[in-house]
């Protein structure tokens, strides 16, 4: 009878040890996929913000001397997890000569993110989505304009005497403050 008790007591212990061993093996086997998933999840944080370096847009000779704005496409290399896309359009700007140099305005309307166009009379910019109106300096020029702020000005440099470089970035629409995306 004592042999039966010893066997009955040993059996649950053997089952417990086997269960704990199986859990340890399962935990060890799941570490690799969990680590890979966490790495993929936090990859954008690891990469940080995109590079906001200056981008060559055009030659100064392409910007009208009379101060009229002209639209230019911004192209740069884009990289995703596996591929580099060279000279990909990422946005557009209006460039305009001013008495102090060259000014750049992002073509995206600060109200709802539509693309602002130069009006036919070339005296102002207008947004076709909700009728926001801006003067050639990008300032809201209509008291009824739904835009919460002026058009977004961008940093410009003229290098080597004839190269126009712009620090291109987009901003959140619908806000009074200019918040970079």
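Read the figures in this text as sums done on the coordinates, not as results from a lab. On a predicted model such as this, the values are computed, not experimentally measured, just so you know. Backbone-built Cβ (ideal geometry, glycine too); neighbour counts: all protein chains shown.
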Solvent-free Debye scattering, log10 I(q)/I(0), computed from the Cα coordinates of region 55-124 at q = 0.14, 0.29 Å⁻¹: -0.53, -1.30
GNM result for the chain, Cα springs below 10 Å: residue of 95, 34, 154 fluctuating most strongly: 34
Ratio of Rg to Rh over region 90-181 (Cα coordinates, Kirkwood Rh, two decimals): 0.97
Angle in degrees between helix 2-41 and the longest Cα principal axis of the chain, rounded to the nearest 10: 10 degrees
Peptides 141-147, 21-27, 85-91 ordered by average Cβ neighbours within 10 Å, highest first: 141-147, 85-91, 21-27
Reported label for calculated Cα Rg over 2.2 N^0.38 Å given [x] 1.90; [y] 0.98; [z] 1.25: [x]
Segment residue 15-residue 84, extension gain: residue separation times 0.36 nm, minus the distance between their alpha carbons: 19.4 nm
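Per DSSP H run of at least 4 residues, take -39500 (n - 2.57); add these up for the chain, divide by its residues and hand me the 222 nm value, nearest 500 deg cm²/dmol.
Roughly -8500 deg cm²/dmol at 222 nm, from the helical runs in the chain.
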